[in-house]
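Chemist: One structure coming up, written as structure tokens, with questions to follow.
The values are calculated or read from the model by the stated rules, or taken from the named source; none is laboratory data. As the structure is a prediction and not an experimental result, all values here were calculated from the model. Here the Cβ positions follow ideal geometry from the backbone for every residue, glycine too, while neighbour counts run over all protein chains shown.
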Amino acid sequence: MHVIIINGSPRVKQHSNTDKIIKAFGNGLVAEGSTYEVYTLSDRSEWEAARTAFATHDNIIMAMPLYVESAPSLFLEFLETLPTKREKSAELSFILQSGFAEGNQLRCGEHFLLSLPEQLGCINGGCLLRGNNFNIRFEDKGDDANRKNVWMKPYEKMGRLYAKNGNFLTREAQRFVGLERFPFLLRIMIHASLKLFDNMRWKKVAKSWGATLPLDNRPY
């Protein structure tokens, strides 16, 4: 199987968590005997080649971060340049990742992405969701290989699974999202701790900027 992966992140490669995820996922593909090629939308010089690859291949994955509950505007702009009819059938799948830990934060974006295959003349291959990815950006810093594997190995495993099935419609892929929502008591604790420590942090920042009045001051 040869897979076309389109990186819809607006960040350049060296600062893109999505790019790191794609590399780990690609390692899984290769381990199962598949091949892949990546097109990065943050480099507009690759758009024409990405459109051609989209139109001429039958296994396509679009990967991106969650931006304000949905897809990045750069990705939406690229979508508008794609044809809505195809001469060759294709299965279109998605990887949607975010820094939010709760899976329910990704559901709105998932709903939008799953509406696209039919509009683009493709077969729906499902959506692979995963939150809590903020720390991926730090995985290249340091020599602790085991720490890096915590973030990358799950995506490599999903690459292997995709190579075997050609989509994200399996139960294992659908469970990949992890925790859907924190328990109520944990949400209360997180909210309280963030309120306390964020206030302390912002007071320190305000002081370093020369602010003399309280943060909640309302002079007008």
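Chemist: Looking only at the stretch 67-87, decide whether some residue is crowded, with 16+ Cβ neighbours inside 10 Å, under 21 Å from Lys157 (Cα atoms) and of a type outside the set (A, V, I, L, M, F, W, C).
Modeler: No - not one qualifying residue is present in the stretch 67-87.
Chemist: Identify, please: which residue in the stretch 77-132 is of a type in the set (Ser, Thr, Tyr) and assigned to a loop (DSSP other than H, G, I, E, B) and is, among those, nearest to Gly178 (Cα to Cα)?
Modeler: Among those residues, the one meeting the criterion is Ser98.
Chemist: Let me ask something additional. Among (1) farther than 18 Å from Gly166 by Cα; (2) surrounded by fewer than 20 Cβ atoms within 10 Å (Cβ to Cβ), there is one condition Gly103 misses while meeting the rest; what is its number?
Modeler: Answer for Gly103: the failing condition is (2).
Chemist: Still on this structure, please answer the following. If Glu48 meets every condition in (1) under 22 Å from Arg160 (Cα atoms); (2) over 18 Å from the mean Cα position of the chain (by Cα) apart from one, which number is that one?
Modeler: (1)
Chemist: Please count how many residues of the stretch 62-101 are modelled with pLDDT of 95 or more, more than 19 Å from Gly26 (Cβ to Cβ) and among the β-branched types (Val, Ile, Thr).
Modeler: Total satisfying the criteria: 1.
Chemist: Quick check, is Pro183 modelled with pLDDT under 85 and within 17 Å of Asn104 (Cβ to Cβ)?
Modeler: On the way: modelled with pLDDT under 85: yes; within 17 Å of Asn104 (Cβ to Cβ): yes.
Yes.
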